[in-house]
Every structure is written in structure tokens, then in C-alpha cells.
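Throughout, read-outs are computed from the coordinates displayed, never taken from laboratory work. The shown structure was predicted, so the numbers you read here are calculated from the model rather than taken from an experiment. Positions of Cβ are backbone-derived with ideal geometry, glycine not excepted, and every protein chain shown enters the neighbour counts.
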Amino acid sequence: MEAEKHNETEFLVMLRNRLPAAYEKLYDMYSGSLNGVIYSVVGDGETARDVLQDTFIKIWENIRLYDEKKGRLFTWMLNIARNNAIDHLRSGSAKIRRNQVASDTLKPHVQEKIGGSSSMNVDTIGVREMLDLLSPEQRTVIEKAYFEGLTRENIAEELGIPVGTVKTQLRAALIRLREYTKENASGH
Amino acid sequence: MQVDIKDILNSGMIEEYVLGTLPEAEVQELNRLRELHPEIDEEIIRTEEAMVRAFSKPAPVAWKKEILSALPSPETPAPALQLRRNNTFKWVAVAAGLLLVLSLGFNMKQSGDLKESLAGMDKMRKENENMQAQLNGALADMNGMDQTLQAVFKPGTQKIVMQGTPAYAQNSSVVYWNPESGEVYWDGRSLPALPAGNQYQLWAIVDGKPQNGGLYDPARRDTRMLAATKAQAFAVTIEPEGGSRNPSLDKMVVMANVRS
């Protein structure tokens, strides 16, 4: 684990120094999961490509603002991808603001509700089977948390249920999903 | 307060931490705990791996090349330089055999881009974001400086004073190098400002070959450079913005051998 940590630090130094090889590795490691959240929000393939590209450009531009003491690189990138996708929907335009400030991408959650969460295409992203394991309530909260990046408070407000309930459902859902991926990873 | 690690591991807090939906206060608490308890850190990493798998939708293969080539990272192969063979540079002549690829960043130019991109957005948001970006920048700077200090005081770290070459005799620059960890810290601020389109580039001479050490970006306060083990010397050259594959030896500003 120490070695792993050391490698992560080295990797981060390479990213901060903008070595192309490091970005290629980053892409190989995370493009799938970033694409997952982007696709779920914006749908359409070409649009998803633009948003994913924009996400990588923002990562490249803002990598020095990422602080490993405050959270995981993946979490930071996930926020960028999510906010990018949601921004894209909100702007309703195919043009993506290229150099949007870091603060926006670093915000841990999206404050505003986006227009119509029905636009999410969860079914198409290949996690349907997994999400089907959840109760409808759990599924709703996980979608809002993962795909929209809403906090428990935001979700509670939106659904008109107590924050404590959201928390319970969210945690149960995440634990269930995790068990599922574990089972799958170990070949059942 | 006695923290029951098992409770934390089973709480779902870690999953939310990875997804980025955990409230800030709890994020801070978990950051503190993961420093203290390796089990928590390990669990965070395992959870992340599971999440990455769970929500992945592989992007079409063709995207990889398109997206990576859209990064502003410049691939500017410098023309191989013919070395003037005089005694002063003899050692570098030997060293100049093989070079690592590099391609480092432009100046961040963030403030410029910021203004441009915010045109047409509402004023309130602009101010907010500006402030937040400044704050984040300041925090990143502080973090970078703190990292540098820690490295400087780390046992085993050597202070290497690079002296000016004949053409740049009045200049000097300091690099901190820890041979055990290979960490290199350098900051080019003691060197004269360069005309636009140029950047200082650090080189480590490893087994007689120049190895890219990274570019000096005055906007960056994070001074950690690319790691080097077994370096015999360090040098700084002036290169076109974005850096070169090979050092421009006629534009070597400072250099020093490492004490063995």
C-alpha cells in the first residue's frame, strides 16, 4: 500500500508536469467511468465525446488545483465530468465553454437543479442490471447522487423526504452496488 | 475520542466520499482519519476501484486519440542541435546522446482565459467564481510551498547550487534533490525573466544522458519536478515554450555536478 501511495504521488507529479504519457494513462484508467456519468447526463454519443474531451482539457488545465490531501483524484475528476455534463445540458447549446473556471469544476456538487432529470439515460449505460438490484427509492437517490452530484440535502429537498432517509437509502444502495461489483470481480 | 474503524468501514461514508457526495465536514473528518488509519485509506482505494468498474461505459476507441490530441500539450520536437565542441561544454557533449521526450505545459494563462470564457455569463457568478478560483489558487500555492519546505528539510536532501555558464556567468539557481527518493525540487525564479515564447527547462544528467526534469512555470508555486535517481549533474537551458526533447546546449544557463 505504501508503494501504491508512492506511485500515486509520482503519477500526480507527472500529471502536474503535463507529460503526455501520464495523460494517456489517466485516460486509460478513467475515461470509461467518466464517460459513464457524462453519457448518463447528456446521452447522445457525439455530445458525450465533446463533454469528455472538455473534461480532460479541464483536468489538464486545473491539475495543479487538485489537492490529494482533500480527496481522491477520481472524485475530483468525477466532479469535473459531472459538472461539465450538467453545464452542457443547462446551457442547452452544443458549444461548451472551454475554459470555465476551476471553481465551477471543483464545486463538490451542483447547486442548481438541472432541467428535467428525465433526460438521463441510465438505461443505456450498461449499469441497468446493477441498478435493478436496488429498490426504487434507493435507485432514485443513487441516480441523483451519482449522476447529478446532488448532496443528501438537495435530494431530500427535491423528493420531499427527510435527510436521514436519503442518507440511509444512499448508503444502503452504495453498499449493495459495491457488494455486487465485488461479487462480479471475483467471478461470483 | 475512540473511533471505531469498523463502524466507519461499514457506514457507507467511504462510498459517498468517493462519489463526492459526502458533506464537507465529514470529508474533512475522513481525510483526517485516512491519514491515521491505513485500513481506511485502503478501503477508500478499493471502493474507488469498485465504483470505477460499476459505472463505467467504455468510450469508443476512436475517441482516445481525438481527445488526447486535443489537450493543449505541445509536442514540439526540437531540431537536434549541433554542439560546438569547446572544452567548457565537453561534458555535455558526451551527455547529449539520448534524450527523453517531453512536452510540458504552457503557462497556465488562467486569468486571461477566465475573462474570455466568462463573457456573457452573469456578473454574480463571475465574481463568485473568480474569488473561488483565487482562493483555490492560493491554497494550491500554499500546498506547493509547504511541499517544497518539507522536501528541503527531509533528511538526505541535497542542496545543489547551479552556477552560471560563461555566457550567463552572473546567474545561479538552486535545485534540491533527494537521491534516495529521487525527488527533485526546483524553482527558476532567481533566473532572469525570459522573452515571451521561451521557458527554462531543467535537465538531470543520468548515466551521462540528459533527462527531462520539467519546465519552469512562473505561475506555479508547486516546485516539484520530475523525479531523477542517480543524477550526476543538473542543468538549466532556455527552450521554446513547451520545452524541447533535447537541451539547447548553446542556451545552457546554469549547471552543477552532484557531490558524490
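Observations
- Taking 19 Å as the cut-off, the amide N atoms of region B:232-250 that come nearer than this to a point 7 Å along the Cα-to-beta-carbon line of B:A169 belong to B:250.
- Cleavage-rule hits, GluC sites (Glu not before Pro), region B:164-260, DSSP coil, Cβ neighbours within 10 Å at most 12: B:E180
- Proximal charge balance of B:I238 [Cβ under 11 Å; K/R count +1, D/E count -1]: -2
- Sorted on the mean count of surrounding Cβ atoms within 10 Å across their residues, most packed first, peptides A:172-179, A:19-26 read A:172-179, A:19-26.
- Rounded if a/c under 1.5, otherwise prolate or oblate - region B:158-257, Cα gyration tensor axes: rounded
- Exposure proxy order (Cβ contacts within 10 Å, fewest to most) of A:R64, A:R72: A:R72, A:R64
- Shielding of peptide B:12-18 by partners, expressed as the average count of other chain Cβ atoms within 10 Å per residue Cβ, is 6.
- Cα gyration tensor shape of region A:2-92, rounded if a/c is under 1.5, else prolate or oblate by comparing a/b with b/c: prolate
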